[in-house]
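Please read the structure below before turning to the comments.
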Amino acid sequence: MTAEEIRQTIIEQILEIAPEINERDIDPNAHIQRSLEIDSFDFLRMLTALNKAIGVEVPEADYAQVDTLNHMVDYFVKHL
């Protein structure tokens with residue numbers, strides 16, 4: 001899976017848990033939960049779905065490493 005495929009998969013998951021968000025509203029460098037007003041439950045649901053889609057589990061200790069779209073892409077690429 002390429003970095004761009006991972007990025008698109010993450011965006012799809014964000015839009016799945018927050019359908020009111022427009023893809024253009026996703027700032028790749030902004031804190032996902034704060035900027036998009038996603039609660040911790042939905043964030044965890046997103047990480048679980050990404051684990052199934054990409055095959056990489058993000059342990060709770062690493063949540064700070066996946067706080068933005070760009071950080072998520074980097075994290076998943078590194079751990080594939």
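Any read-out appearing in this document is the output of simple, stated calculations on the displayed coordinates, not a laboratory observation. Every value quoted in this text rests on a predicted model; they were computed, and no experiment measured them. As a convention, Cβ positions derive from the backbone with ideal geometry for all residues, glycine included, and neighbour counts pool all protein chains shown.
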Determine whether the range 34-54 contains at least one residue that is in contact with a Phe, Trp or Tyr (Cβ under 9 Å, 6 or more places away or on another chain) and among the acidic types (Asp, Glu). no
Can you tell me which residue within the range 64-73, out of those that are touching a residue at least 12 places away in the same chain (Cβ under 8 Å) and part of a helix (DSSP H, G or I), is surrounded by the fewest Cβ atoms within 10 Å (Cβ to Cβ)? Asn70
Give the range 44-61 a look and list any residue that's surrounded by 13 or more Cβ atoms within 10 Å (Cβ to Cβ), in contact (Cβ under 8 Å) with a residue 12 or more places away in the chain and within 18 Å of Asp74 (Cα to Cα), or say none. Met46, Leu47, Ala49, Leu50, Ala53, Ile54, Val56, Val58
Name the residues in the range 25-43 that are exposed (fewer than 15 other Cβ atoms within 10 Å of the Cβ) and touching a helix residue (DSSP H, G or I) at 6+ places or on another chain (Cβ under 8 Å), would you? Asp25, Asp27, Pro28, Asn29, Asp39, Ser40
If I filter the range 9-24 down to residues being more than 16 Å from Phe41 (Cα to Cα) and more than 10 Å from the chain's Cα centre (by Cα), which single residue comes out as surrounded by the fewest Cβ atoms within 10 Å (Cβ to Cβ)? Arg24
